[in-house]
């Protein structure tokens, strides 16, 4: 899987980005995603994520992670569907979308929950990743499924609380 990392904060060193990349590659294998899958991860501060949260979710507060799934369609958008006879020779990558993580919130929540910052950063990356793959937590059943899978991935990777 190809992941494009953008660090707007200049606070996430390359080694830490590499660790998040490794975790997300593990999660992609866990979900059996095609190797040609692409996505991006942007690290930002509370002010930047608050602006995105306000504009796109009408919530004027900073949040920890926001995901924008490429394959979701919004109101008045049409899904792109190729006909059954579309040439197989054209191999388009699966583009998952974008994850935005507030480094400020990750640090705050790591302190609040009493675990390492690296664990919180990994948790938020996997949480956003699962959203990009169609998981949600709007109902109790969805929450149980998503959070269970999230814990399973983090535990299997070795990133426990």
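Where a number appears in this text, it was derived from the coordinates with a stated rule and is not lab data. Only a predicted model underlies this, so the values are computations on that prediction, with no experimental measurement involved. Cβ atoms come from the backbone with ideal geometry, glycine included; neighbour counts cover every protein chain shown.
On the basis of the beta-carbon distance and an R0 of 35 Å, residue 95 and residue 115 show a calculated FRET efficiency of 0.65. Taking the DSSP bridge list for the chain and keeping only pairs wholly inside it, about 30 percent are antiparallel.
Under the simplified labelling scheme, the residue 61-residue 156 pair shows an inter-label distance of 3.3 nm, with each label point 7 Å from Cα along Cα→Cβ. In this rough spin-label picture, where each label sits 7 Å from Cα along the Cβ direction, the residue 11-residue 68 distance is 2.2 nm.
Run lengths n ≥ 4 of DSSP H only: what is the helix-derived mean residue ellipticity at 222 nm for the chain, with -39500 (n - 2.57) per run over all residues, to the nearest 500? Result for the chain: -15000 deg cm²/dmol, rounded to the nearest 500. Subtracting the Cα-Cα distance of residue 139 and residue 4 from their residue separation scaled by 0.36 nm leaves 45.5 nm. Contact order, relative form, for the chain: 25 percent (alpha carbon pairs under 8 Å, 6 or more residues apart, mean separation divided by residue count). With the simple model of a label 7 Å out from the Cα in the direction of the Cβ, residue 108 to residue 25 spans 3.3 nm. Over the chain, the Kirkwood radius and the radius of gyration, each from Cα atoms, give a ratio Rg/Rh of 0.98.
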